[in-house]
Every structure is written in structure tokens, then in C-alpha cells.
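The values are calculated or read from the model by the stated rules, or taken from the named source; none is laboratory data. Model, not experiment: these values are computed from the prediction. Here the Cβ positions follow ideal geometry from the backbone for every residue, glycine too, while neighbour counts run over all protein chains shown. In case anyone asks, the SASA skips ligands and DNA or RNA and just uses the protein heavy atoms, side chains included. Shrake-Rupley method; radii C 1.70, N 1.55, O 1.52, S 1.80 Å.
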Amino acid sequence: MMKTKKDPVPGKIQKELSFDHFQEETPLYRKNKDRLPAMGWNSWNAFGSGNTEKLTKETAERILALGLKDLGYQYVVLDDGCYKTERVNGRLSNDEVKFPSGFRALADHIHSLGLKFGMYNDVGTNLCAGAAVGTCGHEKEDAKSYTEWDVDFLKVDNCYYPYDNATFSNPENQRFVYAPNIMSIRIGKAKKLPAKDGKITGPSARVKKGGYVTGIGTLDGTGPGHSPIGIRSSELIFETESSKDQDTQLFVEYATDRRDRTGEWLQVAVNDRIVFDDLLPRTEDPTDFIMSEPIAIRLTKGRNRIRLMNHRRQENTLSSYATLLRYLMKEAPGKDFVYSACEWGKTQPHNWAGRVCDSWRILNDITFRVGSDGDPGHGDWTSDYTCSVTSQYNKAVIMDAFSGIGKGWNDPDMLMIGMDGLSLTQNETHMAMWCMMNAPLMLGLDLRRVKKGDALHKIIANRDLIMINQDPLGIQAKRIFCSLAKTRPDRTYVRDVDRVDILAKPLAGQKFALSFINVSEKKKRGNYSVDVDTLKKHFGKFIGKADRYKVLNVRTKEETIHDGGIFSVKELPACANETFIITPLSGKEA
Amino acid sequence: MTLQELADRLLDISSARPEIPEDAVKRFREEIRGTFSNVELCKPAIRKNAARMLHLYLLTVTGEPDEDWGEYASLKDIYDCRICANAIAQVLVKGIMKPQGTGKKIFGGDELLTEEEASQILERIRTRYD
């Protein structure tokens, strides 16, 4: 457990970074957001902390030799394990054994090959592997360093984050991100209003025996237990009438804790104007209620809305990512770079990350068994936790509404293609899933093991799948059928893998891609079909309707002409997919 | 026992075995240096960092490949530490360290490594060569 020397307290949140402004579409600090999902290679799944300058250069050479650069793989990203474990004169510094030439020289080398160079850091005080070189409090000088090194891609993790109970952080930090238990409020000299009579929004808060409300905050999205859909934060709202415009006082009867979704930080908004946003004095225990000091509020004549809430989990994290971005944009105003948030979905980043980042991780890691030089690492198809292809897919597949050009991309973590534990069929489907879902395509294997034309190469170099992922419309596939979700297959969170999904993705020129996916480890037989009219209901003008269609199977490359607007698959082997690019044909073309 | 002391005792074991290549020991030292800061090495060892160090030793010195996590994939706290998870699973699977708690359902990564447990661990490492 990491404990800082002086326990820091989160600062004030700028209005533009606050919860009520999350949905604003303008990216902050003029960050360029008009990009498709990033493609490249990241060292973590391939080599873990054991990546070196030599391995990186060899990987870059292999990207060229395998023709991957021409397919769009351009970013070569150094993940954790490349820095000295302590700062040198306050600055980031290369591990001189693993990266003897330094990062600028390596960046220059990568650039000379026509590739782009990426690095890694963390919004906390330390990196996840422990090095005391996190950007927290060092954003200005770290932005200078990344600019000096001409970095094109920055992946930023969330370990040791001091303003939440993140991985390796003090678990008591949750005091910042949950409100205290609330028993009642009192406005001026009026009677107390019991908390249980207020309106609770969102899934986190509830009324406890004893009549108080607990759990006012944002659900932790790191694990696979919660759907990402809908309101993920809870507030306690009171509606009150006032006979006139008046200045008065609000008192809150509360009790604090530092665990079990009870904290010490309260936010109060009256008619959507924040009037309080701070720690409250600690109480003896979470049911030892006391009355707060008065909070000055202004009521308007008529109906007033008082919100008791805590959105600091999201706001603190956004603020930290924004601070680093602000310094990066200041150091290199014209520099175009990819900013990849790796806070594991903890703070429901799909709600806010589009303001600053190009992609956001949606869950904890896809594998905890990364490779090393000589060891390919291990990946799984299924897992009870996040460490599998299907764990990540199950969540990302219903998040299409959150992504797009100008917004950013859901990131179900790096590809595990090439790791032990996954069959050829599973690797094929892993690639198809990620391409259909507009996920960043970051390879995570030792490319020295791949030969041009071999089975792995055929998967990662599948031009048609990559074209689906990089289609200029930038529309993530929608799940239009799920054998385990009778209603709203596009929004229902299904973790049972014994099912078949059908994904549909509009492509430029009124083409579309269909992917029939057997998520289970058993063969499936049935009449899995899609008709164009259903697609047009979902996607409107983006789907072309015709009497005949050209159908390309992206795996076999077989092309057929299909009459009518119904597309079916009758049988899918275990973990297999059949993915097609479908082009409507006019009478002339047919 | 500090983490550095644990490393020193592991190196003592390998130095008493002439069949262990010098390169392997050198690689272990390099891995320690690249993995743990001086601050961490000087602190009393906690179980998860001990697991990481032992895992490095198994990989570099005794040359043992990783194994399937088996039953330890369902430990309640196995996923608490992404950096440590595999190391913890490996030292458990290989019998170097033991789980804790009622029903042996947790690892207890943030608990201090006791002298007694350290002695047991080092004995298990020593006898792996026999």
C-alpha cells in the first residue's frame, strides 16, 4: 500500500472539467480528436517490464519486414519498465541498461523507419511496476521531456493515484470519492427533511436500515461486475419550494467513513450551481451523525433543486489527465499525438474521457500473464474476471454509443494474438471482434516469432478486417442480435458466453460489415440471420438497400453474389466468427 | 527481513550451487535492479514483493517456466495487483509460498513477510535443487 509523505487532498475542479459539463463536445485545449483508432505495437503483453531498446528496435524492423506498416500499424509504444526507478534532478530518465541510447535517440530511430513513437506514464505518484516516476505533481516537466523526446503517443495509467482508491493507492482515499452517509437536511429554520424522502438517482446509493442514505458516488468500473450503460453515479436530490428569492443556510446531517462506499467529501448544488465541494469533518463512525456547519445557499422563488452528490471519482481523474494534456499542448502546440487513458474503466471514462483522450480502457487488464523475451505469455478465452478475450468483449460490445470520430474509442486492451492459451480460431475471432468494435489495434506479441504468410501473420495482417476497423465513417459496430438478450441486444450486458452475437457496422459508400460470432466454446447450429430492413432501422441512410449484394468473407476471401436482403449463417464452430463485407449492387453492377 | 536481505539470502543459496551458471545469477541481479527501487529494497518485505522477487529467481536462476494458475485463479485478492498477480500465482502453484486466511482463500499481499515464513521459503528454494 502506497502512502504519500504528505497526504494530498484534491484541489478545486475547474467548471469545464465538472460532471455537469462532461457531455460538452468540444475537446479541451484544442486537442485534435479527429482520428480513427490507433494501430501499432505495445511492449507490455509481449515483454512486460523486460522490454529493452534492442527488442524495441527489432520489433520496429519486423513491423516493416512483415508489411504491417503499410497496413496501418504505426505506433511503437514503450510500456512500463523503461525508466530509472527514481527521477534524476526531478526529471524522467531512461534505464541505462535497458535503454542505453536514451529515448530521443530511440524515437529518432523509430521515426527514421516511418513509424511513430509512444511512451507510458501514470497520473499517480508511481508507475504500476513501482518506479517513483508518475506524473502527479510533475506534469510540467514531464510534458517538457515528452516533447523533447518527440513522442507521438502517450499511454497513461492510474496506479498509485492519490485522489481515489486506485490500485496500490491508499484504500482510504475513497473518502474523496464518496459522500458521507446522509440522514437529513435542514434549510434555514425549517423542519429536517429525511434523506430517505429524497430522490436517489443512479445505481450506487441506497437507503439503509436506520433511514440514512449511503453510497453517494460513482460505481467502480474496474471489474466485470457492472454494466457501463446508464447513469453510473448516484445523487440524493431534494425538491423544495420557496415563496421568494432568498439567501439562506443549508445544514446536512451526516456521518463519515473511509470504506464501504462511504466517504468524507460532499458536493452540494442548488439549481445546478455548486455551493459546496469539500471534505467534511470526520465523525467517530459511519452511523454517528452530526450536523454540518451552515452552507450558504440561494433559493429562487418557486421550485428549487438541491443535489447532494460526489462526482469527484470522475472529476479528479479527468482533472489529472487534463492537467498533463494542458502542459503537453502548451509545450508543443502543433504536435498531434494519441492520448490513451489507462484507468481500467474505474471511473467510467466513457462518460468523460472524450474531452481529453483519444481512447479509454474499459476494464482491468486483459491478461495478468504477460510475456518476456522467449516466453509468449498467456491469454484466455474466458475468465471470471477481466483477464480474457470475452470479458473485455462482453463490455465493449455494448459501448458503441460512446465512441466515434471526434469523441474517441473504447479500449478493450491490447491484442493477445500470439500468446499461449488461445487457439487459431480464438485468435481469428479476437481480431474480428476488435476490428468490428473500433478498438485500438495494439499488437502485443514478439514479432520475431511471426513469418510473413504464417497463421499469425494472416490474422494480424488481414487487410479486410483492418479496413473495417479503419473505415472513415468511424462507427463502432452495434450488436443487433444476442441469443441471450431478447430485448435491446445493443444495450444488455451479458456475461454468459454460451451464446451467439451478430454485430453490424456501416462502412463508407453504404457498404456494411456483418459479424456472426459464436462466443461459446461449443459448436452452435441455428438460423442466425439479419435482414437489411433491420439494419436500415438501426443505421438509416448509412446502409444501402439493393436487390443484389456482393458478399466478401473476410477470412476465406470468397466473394459471392447474393440475391435479396437476408444474410444467414447456420453453423458456427466453437469460438468462431464469420465476418462479411457486404456491398449493395445496383442493377447495372449486377 | 528487508527485500534486499531476501535477495541476499537467495544469492547465498545459488552461490553454494556450482551448477548454477554465473550468467543466470547476473541476470537475477539485473532483474532486481530493474524491478525494485532502492527505497523498496530497503523496506521490510511484504508478501507480494517477496513473491515478485521469488518469481524472478525461479525464472532466471532455477530456469522454471510459468505454470497454469489452477485453483489460485480464484483467490479473492489475486487480481488486486496486476504487476504481482502472476508472480503470486506462480509461487503458490510451485509451493514456494502458501495462501492465508480462513479456507486459504487469500494471499495477503500487503502483509509483512515474517522471519519464520522467510526461513520456510528459503528452505523450499534450497531443497528444489536436491
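Each 10 Å bin from 0 upward holds the following percent of the Cα-Cα pairs of the range A:461-590: 13, 43, 36, 7, 0. For the range A:196-258, the spread of Cα coordinates along the three principal axes comes to 48, 26, 19 Å, biggest extent given first. Legend: distances between Cα atoms for A:511/A:557; A:98/B:94; A:155/A:452; A:346/B:76; A:522/A:570; A:140/A:335; pairs beyond 21 Å are A:98/B:94; A:155/A:452. Legend: translational diffusion of the range A:317-363 by Stokes-Einstein, Rh = Kirkwood radius over C-alpha pairs, 25 °C, 0.890 mPa s; D = 224 µm²/s. Computed over protein heavy atoms with a 1.4 Å probe, the accessible surface of the range A:182-226 works out to 48 Å² per residue. Taking θ as phi - 60° and the Karplus parameters 6.51, -1.76 and 1.60, the scalar couplings of the range A:201-216 work out to 10, x, x, 8, 8, 7, 8, 9, 4, x, x, 9, 9, 10, x, 7 Hz in sequence order, x denoting glycine and proline.
Working note: Cα atoms of the range B:41-103, range along each principal axis, descending, whole Å: 31, 28, 19.
Using the Karplus relation 6.51 cos²θ - 1.76 cosθ + 1.60 with θ = phi - 60°, the per-residue 3J(HN,Hα) values for the range A:479-488 come to 7, 9, 8, 9, 5, 10, 9, 5, 10, 6 Hz, with x marking Gly and Pro. The mean accessible area for residues of the range A:318-443, using a 1.4 Å probe and ignoring ligands and nucleic acids, is 21 Å² per residue.
Out of every Cα-Cα pair that the range A:254-326 contains, those further apart than 21 angstrom amount to 41 percent. The share of Cα pairs per 5 Å bin across the range A:142-252, counted from zero up to the longest distance, runs 2, 9, 14, 14, 15, 12, 10, 8, 5, 5, 4, 2, 0 percent. Summary of the geometry: the range A:107-162 and the range A:287-362, compared by the centres of their Cα atoms, lie 22 Å apart. Counting only heavy atoms of the protein chains and using a 1.4 Å probe, residue A:298 has close to 120 Å² of accessible surface.
Other protein chain C-beta atoms within 10 Å of residue C-beta, averaged over B:78-89: 6. Among DSSP beta bridges whose residues both lie in chain A, state the antiparallel percentage, nearest 5. DSSP beta bridges in chain A are roughly 75 percent antiparallel.
Comparing each chain alone with all protein chains together (probe 1.4 Å, DNA, RNA and ligands left out), the residues of the range A:367-388 losing at least 20 Å² of accessible area are A:368, A:369, A:375, A:385. The per residue volume of the convex hull around the alpha-carbon atoms of the range A:24-68 is 145 Å³. Kindly identify residues of the range B:1-46 having a loss of at least 30 Å² in accessible area between the isolated chain and the assembly of all protein chains, probe radius 1.4 Å. Residues of the range B:1-46 that lose at least 30 Å² of accessible area once the other chains are added: B:33, B:34, B:37. From its DSSP helices (H runs of at least four residues, each -39,500 (n - 2.57)), the protein assembly as shown gives a residue-normalised ellipticity at 222 nm of -7000 deg cm²/dmol.
Taken over the C-alpha atoms, the range A:156-211 has Rg and Dmax values of 16.0, 49 angstrom. For residue A:275, nonlocal amide neighbours, meaning residues 5 or more places apart or on other chains whose placed amide H falls under 5 Å from its own, are A:268, A:269, A:270.
Across chain B, how large is the tail of the calculated P(r) beyond 22 Å, expressed as a percent of all Cα pairs? Beyond 22 Å sits 31 percent of the P(r) for chain B. Of all beta bridges that DSSP places with both ends in the range A:72-206, some 35 percent have antiparallel geometry. Taking the protein heavy atoms of chain A in the context of the full set of protein chains, the accessible area attributed to carbon and sulfur is 48 percent at 1.4 Å. Interface burial in the range A:103-141, defined as at least 40 Å² less accessible area with all protein chains than with the chain alone at a 1.4 Å probe, covers A:129.
Computed with a 1.4 angstrom probe on protein heavy atoms, the B-A interface buries about 1800 square angstrom of accessible area in total. In chain A, which whole DSSP H runs stretch at least 24 Å along their own axis (Cα) and average -1.0 or higher on the Kyte-Doolittle scale? For chain A, where a helix must reach 24 Å along its axis and average at least -1.0, the hits are A:312-331.
Between the alpha-carbon centres of the range B:73-120 and the range A:178-199 there is a gap of 45 Å.
Enclosing the Cα atoms of the protein assembly as shown in their convex hull gives a volume equal to 181 cubic angstrom per residue.
Taken along its three principal axes, the alpha carbon spread of the range A:329-425 comes to 43, 32, 23 Å, from the longest extent down to the shortest. Relative to one another, the C-alpha centroids of the range A:474-528 and the range B:44-71 are positioned 40 Å apart.
Note on exposure: A:381, A:44 ranked by accessible area (1.4 Å probe, complete protein assembly) read A:44, A:381, with the most exposed listed first.
Averaged over its residues, the range A:449-563 has an accessible area of 48 Å² per residue, based on protein heavy atoms and a 1.4 Å probe.
Net length available on complete extension from residue A:23 to residue A:271 is 87.5 nm, with 0.36 nm assigned per residue and the Cα-Cα distance removed.
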